[in-house]
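J.: Could you have a look at this structure, given as C-alpha cells, before my questions?
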Amino acid sequence: MENSKLQQRLSLEGKIPDIEKTLSMVDFLIEKRGSDEPVKTLFEVNDTLFAHATIPPTETVNLWLGANVMLEYTLDEARELLASKLDIAKNNLKDTVEDLEFLRDQITTMEVNTARVYNWDVKQRRLATAAAVAATPAASAK
C-alpha cells in the first residue's frame, strides 16, 4: 500500500509541473490574443530536440487528454480546464502525502507493537525456564 501511494505521489509530482507549464502557455496565448502579429517560439519536440515555430493569432488550442486523445478547446475553455486539473492534482497530492504520513505512523506503531510482543514472549520463556530450573533441584533433593 505504501509503494502504491509513493508511486501515486511521484506521478502527481511529475504531472503538476507539466500542467503549470501548459497553463502558463495558454495564459501567454490569451495575452497575445488581441495582437495581429504571430508569436515566434522555440518548442520542445523531445528531451533534446527543439524546433522553431511561428504561431499565428489563434482562438483555440489542442490539449492532450491522455490515452492518445487530443481535443481542441477555445483559449478560455482550455484555461478553465487546466486550472481545474491543476487544483485537482494539487489536492490529490496533498491527500496522498497525508495518507503516506498516516501509513508511516501506522507502520511505526506496528513495529513497536511487534517488538513489545516479542520481548514479552522472550520474558515469558525465561520465566518458564527459570521456574523449570528451580523446580528440578527440589525434585532431585528428595
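J.: Scan 72, 59 and give me the residue that is touching a residue at least 24 places away in the same chain (Cβ under 8 Å) and among the charged types (D, E, K, R). Even if it seems obvious, please write down each step before you answer.
T.: Values: 72 fails: touching a residue at least 24 places away in the same chain (Cβ under 8 Å).
Going through 72, 59 in turn, the sole match is 59.
J.: Here's something else I'd like to know. Please state which of the following conditions residue 15 fails to meet, knowing it meets all the rest: (1) surrounded by 13 or more Cβ atoms within 10 Å (Cβ to Cβ); (2) outside any helix (DSSP H, G or I); (3) of a type in the set (Lys, Arg).
T.: With (1) surrounded by 13 or more Cβ atoms within 10 Å (Cβ to Cβ); (2) outside any helix (DSSP H, G or I); (3) of a type in the set (Lys, Arg) applied to residue 15, the lone miss is (2).
J.: Let me ask another. I'd like to know if segment 87-110 contains one or more residues that are among the β-branched types (Val, Ile, Thr) and either closer than 30 Å to residue 60 by Cα or touching a Pro at 6+ places or on another chain (Cβ under 9 Å) (or both). Break it down into steps so the answer makes sense when it comes.
T.: Pass one, segment 87-110, residues among the β-branched types (Val, Ile, Thr): 88, 96-97, 107-109.
Going one step further and asking which of them are either closer than 30 Å to residue 60 by Cα or touching a Pro at 6+ places or on another chain (Cβ under 9 Å) (or both), we end up with 88.
Scanning segment 87-110, I find at least one residue that is among the β-branched types (Val, Ile, Thr) and either closer than 30 Å to residue 60 by Cα or touching a Pro at 6+ places or on another chain (Cβ under 9 Å) (or both), so the answer is yes.
J.: Every residue in segment 7-50 that is closer than 20 Å to residue 70 by Cβ and among the hydroxyl-bearing types (Ser, Thr, Tyr), please.
T.: Across segment 7-50, the qualifying residues are 22, 24, 41.
J.: Any residue in segment 36-45 that is in contact with a Lys or Arg (Cβ under 6 Å, 6 or more places away or on another chain), farther than 27 Å from residue 8 by Cα and either without any contact (Cβ under 8 Å) to a residue 24 or more places away in the chain or hydroxyl-bearing (Ser, Thr, Tyr) (or both)? Break it down into steps so the answer makes sense when it comes.
T.: Within segment 36-45, the subset in contact with a Lys or Arg (Cβ under 6 Å, 6 or more places away or on another chain) is 39.
Keeping just the survivors that are farther than 27 Å from residue 8 by Cα gives 39.
Checking which are either without any contact (Cβ under 8 Å) to a residue 24 or more places away in the chain or hydroxyl-bearing (Ser, Thr, Tyr) (or both) leaves us with 39.
Scanning segment 36-45, I find at least one residue that is in contact with a Lys or Arg (Cβ under 6 Å, 6 or more places away or on another chain), farther than 27 Å from residue 8 by Cα and either without any contact (Cβ under 8 Å) to a residue 24 or more places away in the chain or hydroxyl-bearing (Ser, Thr, Tyr) (or both), so the answer is yes.
J.: Please go through segment 2-36 and pick out each residue that is more than 26 Å from residue 100 (Cβ to Cβ), within 32 Å of the chain's Cα centre (by Cα) and among the small types (Gly, Ala, Ser).
T.: Within segment 2-36, 24 is the sole residue that qualifies.
J.: Among the numbered conditions (1) within 32 Å of the chain's Cα centre (by Cα); (2) closer than 17 Å to residue 22 by Cβ, tell me where residue 111 comes up short.
T.: Result: residue 111 passes all but (2).
J.: Which condition from (1) outside any helix (DSSP H, G or I); (2) in contact (Cβ under 8 Å) with a residue 12 or more places away in the chain; (3) within 21 Å of the chain's Cα centre (by Cα) is the one that residue 104 breaks?
T.: Checking residue 104 against (1) outside any helix (DSSP H, G or I); (2) in contact (Cβ under 8 Å) with a residue 12 or more places away in the chain; (3) within 21 Å of the chain's Cα centre (by Cα), the one that fails is (1).
J.: Here's another thing I want to ask about it. Among (1) within 14 Å of the chain's Cα centre (by Cα); (2) at pLDDT below 90; (3) of a type in the set (A, V, I, L, M), where does residue 39 come up short?
T.: Of everything listed in (1) within 14 Å of the chain's Cα centre (by Cα); (2) at pLDDT below 90; (3) of a type in the set (A, V, I, L, M), residue 39 misses just condition (1).
J.: Considering only residues that are of a type in the set (Asp, Glu), farther than 16 Å from residue 19 by Cβ and either modelled with pLDDT of 95 or more or part of a helix (DSSP H, G or I) (or both), which ones fall in segment 43-93? Reasoning before the result, please.
T.: To start, the set of residues in segment 43-93 that are of a type in the set (Asp, Glu) comprises 44, 47, 59, 72, 76-77, 80, 87.
Those still in the list that are farther than 16 Å from residue 19 by Cβ too: 47, 59, 72, 76.
Within segment 43-93, 72, 76 qualify.
J.: A further question follows. Just to be sure before I move on: is residue 87 surrounded by 12 or more Cβ atoms within 10 Å (Cβ to Cβ), within 30 Å of residue 7 (Cβ to Cβ) and within 28 Å of the chain's Cα centre (by Cα) in the structure I sent? Break it down into steps so the answer makes sense when it comes.
T.: On the way: surrounded by 12 or more Cβ atoms within 10 Å (Cβ to Cβ): no; within 30 Å of residue 7 (Cβ to Cβ): yes; within 28 Å of the chain's Cα centre (by Cα): yes.
Judged against the criteria, residue 87 is not a match.
The values are calculated or read from the model by the stated rules, or taken from the named source; none is laboratory data. Quantities reported herein were computed from a predicted structural model and do not represent experimental measurements. Glycine also receives a Cβ, built like all others from the backbone with ideal geometry; neighbour counts cover every protein chain displayed.
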